[in-house]
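In what follows, a structure is listed as structure tokens, so that the remarks can point back to it.
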Amino acid sequence: MYSKKWIRWPRTLAFRLTLWYGSIVILLLGVALVLFYLMVTSLLEERSDQELLNQVSTFESIFRAKGIDAVKRVMVLESQAAGERKIFFRLLYLDGAAFSSSNMSYWENIGVAKNAVQQLIDGRLHVFDTVLIPGRKQRVRILYGVIGPSVVLQLGQPMEHASRFIEVFRKIFVGTLSVLSALAILTGWFMARKALRGLEEVTRTATEITCGDLGRRVPVKRWGDEIEYLAVTFNQMLDRIEGLVAGIKEMSDNIAHDLKSPITRIRGVAEVTLTTTGMDADAVGQYQGMAAGVIEECDGLLDMINTMLMISKMEAGAGAIERTELNMGVLIQGACELFEPVAEDKGVTLVCRVPDRCAVSGDARLLQRTIGNLLDNAVKYTPEGGFIGVFVAGLDGRRLEVVVEDTGIGIRASDLPHVFDRFYRCDPSRTLAGTGLGLSLVKTIAEAHGGSVSVESAPGVGSVFYLDLPQI
């Protein structure tokens, strides 16, 4: 038996759903954190650039108001006040040569970018540059700006805030992503298990049914989702299967009963004849009687088997119908004449009223057997003094309706839906002769001709069968 233990965990649907969910959530979290990092670093860089621009504007105002010497004094004071490792100032000529600066002992590795100076000569007011001090892993933001005629101010400050933020962010990023990833995986696993719980119930029910419990059904949660629809459909399928199994069992019992009775009679006749008959002249007649009885019972068995095969072939579409133009009136008259002596012997009145001409296209042999089966049922179940009527109605040029009515014992309402089923007998004791195939064959032949058959009945009143066929 195929069991869940044979399913490798990585191949389970729950694992794959969890993996997809966790991967998507982790990816989205990573993208969100990266975007947050870029936004914050951009804001920090803009803030640093604005501070440098403010410094350039201040020195430009000092240069215009008090001259270059005042600029030199102020930049030394600013460097000392902020801290010589926090900011530096350098005055340059337009050729890039430095002629004054703050204390550059900490910034000695920072040179002058010739291309930045060239951009100022070309008309740019300010030029930003970012450099990495060798051996310190420290980034410095540098600004070049013109503060006066032929005078360029180079100033820079370390990007401490950005560097500190990056270091903190890296720790937070790893920790947060790890925690959120674990939560995403746990949440995904919980959601996948919850979503697949219905499938597990379907699988569990199917396993129990495999073990023989056809009465089991999948619980329906009434959530209105796909799992509920699957459970409802699965239960409907189980109801259908259980009905078919019950039908097959009942059919098997019926077949066994219908086969057992004639075989028992054949054996009984043969045994009695062999054990009671001597070898005198009368024995020949008794043996002949036994042989005749055996042949009769065998004919009954063959007829039942041939009827079953005919129904199966016609339902499968394998039985060919030899269609010819028929006068249904003549065919019905012939059937009534055939059953009239049987009805008279039983004391039943048989009346046949059909038009002289009502044409249909069909197989004469099959349609004759259909009418014969309906008449046989009517004669069999109509008591002495009863009435059987056969007539044709509904002649509208398109369809005709053959009606066979009787005043027989009738059919119970509970039996009406099943009278056309194979081997169904309204007599559970099966004391009356018959195989339960006659009406099933009528239904099969009618449908094969594009028609239908129906019945109305009441116990103690009688039955009316309607055979509907298309006209030519």
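The values are calculated or read from the model by the stated rules, or taken from the named source; none is laboratory data. Note that the structure is predicted; figures quoted are calculated from it, not measured. Neighbour counts run over all protein chains shown; Cβ positions are idealised from the backbone, glycine included. The area values use the complete protein model at the heavy-atom level, side chains included, leaving out ligands, DNA and RNA. Shrake-Rupley method; radii C 1.70, N 1.55, O 1.52, S 1.80 Å.
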_Stretchable slack from ARG64 to ASP49, in nm (0.36 nm times residue separation minus alpha-carbon distance)_ = 3.1 nm
*Using a basic spin-label model with each label point 7 Å from the Cα along Cα→Cβ, how many nm lie between LEU177 and ALA393?*
8.4 nm
*Using the Cβ atoms and a cut-off under 13 Å, what net charge is assigned to the surroundings of ARG47, where Lys and Arg are +1 and Asp and Glu are -1?*
-4
*Given the pairs LYS114/LYS137; LYS114/LYS171; LYS66/LYS137; LYS86/LYS171, which are separated by over 27 angstrom at their Cα positions?*
LYS114/LYS171; LYS66/LYS137
*Would you please classify the overall shape of region 71-195 from the alpha carbon gyration tensor, given that a ≥ b ≥ c denote the square roots of the eigenvalues, rounded means a/c under 1.5, and beyond that prolate means a/b larger than b/c while oblate covers the rest?*
prolate
_Shape of region 339-430, Cα gyration tensor, a/c cut at 1.5_ = oblate
_Inter-label distance for SER57 and PHE15, nm, one decimal - labels placed 7 Å from Cα along Cα-to-Cβ_ = 6.3 nm
*Under 5 Å, built H, 5+ apart or other chain: amide partners of PHE89*: SER102
*asked:* Please report the carbon-and-sulfur percent of the accessible area for region 101-155; probe 1.4 Å, protein heavy atoms only, DNA, RNA and ligands left out.
replied: 50 percent
_Two-site FRET efficiency, THR41 against VAL232, from Cβ-Cβ distance with R₀ of 45 Å, rounded to 0.05_ = 0.20
*Find how much the distance from GLU242 to GLN118 grows on full extension, using 0.36 nm per residue of separation minus their present alpha carbon separation; answer in nm with one decimal.*
35.4 nm
*Quick one: which residues, 5+ away or cross-chain, put their amide H under 5 Å from the amide H of LEU400? H built at 1.01 Å from N.*
LEU469, GLN471
*Which distance in nm do the two modelled labels at ASP345 and ILE263 give, with both placed 7 Å along the Cα-to-Cβ direction?*
2.9 nm
*asked:* Please list, in order along region 400-405, the HN-Hα scalar couplings obtained from phi with the Karplus expression 6.51 cos²θ - 1.76 cosθ + 1.60 (θ = phi - 60°), rounded to whole Hz, x for Gly and Pro.
replied: 10, 10, 8, 10, 10, 10
*Global geometry of region 1-157, whether rounded, prolate or oblate, following the gyration tensor of its Cα atoms and the 1.5 cut on a/c*: prolate
*For LEU437, list long-range residues whose amide hydrogen, built 1.01 Å from N in the peptide plane, is under 5 Å from its own amide hydrogen.*
PHE423
